[in-house]
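Worksheet for the structure shown next.
The values are calculated or read from the model by the stated rules, or taken from the named source; none is laboratory data. Note that this is a predicted model, so its numbers are computed, not measured. We place every Cβ from the backbone using ideal geometry, glycine too, and count neighbours over all the protein chains shown.
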Amino acid sequence: MPRISKKIIFKSLKGMHDILPANQVLWDKMRQNLREVAGFYNFLRIDMPLLEDAQLFEKSTGQDTDIVEKQMFVVKSSRGDMALRPEGTPSVARAYLQHGLSHLAQPVKLYYEGPMFRREQPQAGRLRQFHQAGFEIVSSADDPVYDAQVMVACVRFIESLKIKDLSIRINSIGCKVCRPSYRKKLVDYYKPLTKSLCDDCTRRLRTNPLRLLDCKNDNCQPLRGSAPIMLDSICANCSKHFKTLLEYVEDLKLPYALDHHLVRGLDYYTKTVFEIFTEGIDFALGGGGRYDYLIEMLGGRHSPAVGAALGLDRLVEVIRLKDVNLRVKPKTKIAFVHVGNLAKQKSLALIEELREAKIDVIDFLGKESLNAQLSMANKLGAPLSLIFGQKEALEEDIIIRDMKTGSQETVPLKRIVKGIKRKLK
Ligand code: HAM
């Protein structure tokens, strides 16, 4: 008996969204602003593959992090596991080494933008496919001026989208020298409290005690109030680095606040960590920090680095939630209106001539009625319509109609570009 196939209605996967044409104007604006901000601060564009060797993230982001442990989309292959990139920083570090970018003039400033993938529980501001814009600076010195430059680039980009009331929460989580003693203090503090900790924190107490400070569990949160503070334990070098950074941030008049509990959920950070928030919204718009040992850990020379990434989907969500008026409108085009078969036949070639002359037109070649086409032209806000009918097709001319006044002028096809430009003036 033939199998009766059940009709399947396909939908996008959980936490993965389409960006529909109506929203593309805003996304274009974000990308354009990103290009402008990155250009001003001299970040060069880099694009990395979506798939990488899974071990790259295990080594960089960290084996014990939520991202690697629970959230990576892994693709099995005969040559080992590959992962859909959950973040961009490890790929940038890999590309920096693979292509010898250390030979470029220092510092090397790179930026990227594109989709990232994490198998999270979808909720407000948390998707499984989301888009990040990232800035990274690699150099031979761990100068805090670069930390400040990453922060200012992030803030200026967010501000360019008219999102206000920003605040950068900053902390220092020390370096190889001072972190072990802080780690010990933290373990000593939390050990007697083990019974009150969630399962994740009980495990993290062994693997990554710093993460206990940013646990969102209701039982664990109150405990961090009396936990030792990292800034009290950092070494003189880290302390000087942090103080100088704060001076730069103040000189730049960036809005900031110290956050003693900020540790961030990625393993590669040293010294500076920060997250950017806007008032009234719970999720971070972006986050980053210094990662002085990552490139070395991947086999390169000691190359201190700092960077941050912003969540573009979150920025779009904030623009919606805060009802920000960005005044982004699709570009208005000139309407190309045809009447009759002969005109339709000649229209395609004529539209190509207009394209070559850089006249941006929208056609309605699938429609017949003149009125329907003119009403669409009106709806789209076209300043002019080019009306090409049977008579015009035979006599090789075209009518240019001013859509505001309704005045019309017939011009020979040969002079169409001049005619349009004159009318537009
Ligand atoms: P991250 O904090 O994991 O850092 O992500 C940066 C930003 O990406 C977040 O602040 C958020 O806006 C956005 N984001 C993260 N996960 C999601 C999600 N599931 N859904 C929507 N948006 C999300 C990093 O990824 C580091 N690579 C940043 C960095 C660059 N550090 C140094 N350089």
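So that you can scan it fast, the table gives a plain yes or no per residue for (1) assigned by TED's automatic domain parsing to the domain that holds ARG314; (2) out of contact with any Gly (no Cβ under 7 Å at 6 or more places or on another chain); (3) at pLDDT 95 or above; (4) under 13 Å from GLY287 (Cα atoms):
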position: LEU127; (1), (2), (3), (4): yes, no, yes, no
position: PHE130; (1), (2), (3), (4): yes, no, yes, no
position: PHE135; (1), (2), (3), (4): yes, no, yes, yes
position: ASP143; (1), (2), (3), (4): yes, yes, yes, no
position: LYS164; (1), (2), (3), (4): yes, yes, yes, no
position: SER167; (1), (2), (3), (4): yes, yes, yes, yes
position: SER172; (1), (2), (3), (4): yes, yes, yes, no
position: ASP188; (1), (2), (3), (4): no, yes, yes, no
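Among the candidates VAL92, VAL74, single out the residue that is crowded, with 20+ Cβ neighbours inside 10 Å and at negative phi.
Just one listed residue meets the conditions, VAL92.
For the stretch 195-210, which residues satisfy the criterion of being touching a residue at least 60 places away in the same chain (Cβ under 8 Å) and touching a helix residue (DSSP H, G or I) at 6+ places or on another chain (Cβ under 9 Å)?
Those that are touching a residue at least 60 places away in the same chain (Cβ under 8 Å) and touching a helix residue (DSSP H, G or I) at 6+ places or on another chain (Cβ under 9 Å): ARG204, ASN208.
Would you please list the contacts, defined by Cβ atoms under 7 Å and residues six or more apart or on different chains, that run from a residue in the stretch 127-140 that is on the phi > 0 side of the Ramachandran plot to a residue that is within 9 Å of the ligand (Cβ to nearest atom) and in a strand (DSSP E or B)?
Cβ pairs passing all conditions: none.
In the stretch 121-144, which residues are out of contact with any Phe, Trp or Tyr (no Cβ under 8 Å at 6 or more places or on another chain), in a loop (DSSP other than H, G, I, E, B) and buried (at least 17 other Cβ atoms within 10 Å of the Cβ)?
LEU127, ASP142, ASP143
Could you tell me whether the stretch 327-347 includes any residue that is loosely packed, with under 12 Cβ neighbours inside 10 Å, of a type in the set (D, E, K, R), touching a residue at least 24 places away in the same chain (Cβ under 8 Å) and over 30 Å from ALA95 (Cβ atoms)?
yes
Return the pair list, or none, for Cβ contacts closer than 6 Å from residues in the stretch 282-293 that are in the same structural domain as GLN132 (by TED's automatic domain parsing) to residues that are more than 6 Å from the ligand (Cβ to nearest atom) and among the acidic types (Asp, Glu), at least 6 apart or on different chains.
So the pair list comes out as ALA284/GLU275; GLY287/GLU275; ASP292/ASP142.
Residue by residue, here is whether (1) under 22 Å from ALA305 (Cβ atoms); (2) part of a helix (DSSP H, G or I); (3) under 18 Å from the mean Cα position of the chain (by Cα); (4) not hydroxyl-bearing (Ser, Thr, Tyr) holds:
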residue	(1), (2), (3), (4)
LYS6	no, no, no, yes
SER12	no, no, no, no
ASP18	no, no, yes, yes
MET30	no, yes, yes, yes
GLU52	yes, no, no, yes
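Results for (1) surrounded by 17 or more Cβ atoms within 10 Å (Cβ to Cβ); (2) at positive phi; (3) modelled with pLDDT of 95 or more, shown as yes or no for each residue.
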residue: SER160; (1), (2), (3): no, no, yes
residue: ASN217; (1), (2), (3): no, no, no
residue: VAL249; (1), (2), (3): yes, no, yes
residue: LYS253; (1), (2), (3): no, yes, yes
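Here are ALA93, ALA83: which of them is within 13 Å of the ligand (Cβ to nearest atom) and not polar (S, T, N, Q)?
Among ALA93, ALA83, only ALA93 is within 13 Å of the ligand (Cβ to nearest atom) and not polar (S, T, N, Q).
Can you tell me which residue in the stretch 162-204 is surrounded by the fewest Cβ atoms within 10 Å (Cβ to Cβ), limited to those that are of a type in the set (Lys, Arg) and part of a helix (DSSP H, G or I)?
Among them, the one singled out is LYS195.
Listed residues LYS109, LYS162; which is touching a residue at least 12 places away in the same chain (Cβ under 8 Å), out of contact with any helix residue (DSSP H, G or I) (no Cβ under 6 Å at 6 or more places or on another chain) and closer than 18 Å to TYR291 by Cα?
LYS109
Taking the condition of being closer than 18 Å to ALA148 by Cα and either more than 9 Å from the ligand (Cβ to nearest atom) or small (Gly, Ala, Ser) (or both), how many residues in the stretch 274-283 meet it?
Here the count works out to 2.
Please pick out the residue among GLY100, GLY114 that is of a type outside the set (Val, Ile, Thr), modelled with pLDDT of 95 or more and closer than 27 Å to MET72 by Cβ.
The match here is GLY114.
Would you mind stating whether VAL155 is more than 30 Å from ASN325 (Cβ to Cβ), of a type in the set (A, V, I, L, M) and away from the ligand (no atom under 13 Å from the Cβ)?
Judged against the criteria, VAL155 is not a match.
Under 6 Å by Cβ, and 6 or more places apart or on different chains, what pairs join a residue from the stretch 82-94 that is under 15 Å from TYR268 (Cβ atoms) and assigned to a helix (DSSP H, G or I) with one that is charged (D, E, K, R) and within 10 Å of the ligand (Cβ to nearest atom)?
The qualifying pairs are SER91/ARG85; VAL92/GLU136.
Looking at the stretch 62-80, which of its residues are assigned to a loop (DSSP other than H, G, I, E, B), within 16 Å of the ligand (Cβ to nearest atom) and not polar (S, T, N, Q)?
ASP64, MET72, PHE73
Any chance you could count how many residues in the stretch 99-124 are out of contact with any strand residue (DSSP E or B) (no Cβ under 7 Å at 6 or more places or on another chain) and within 12 Å of the ligand (Cβ to nearest atom)?
Residues that pass the stated criteria total 6.
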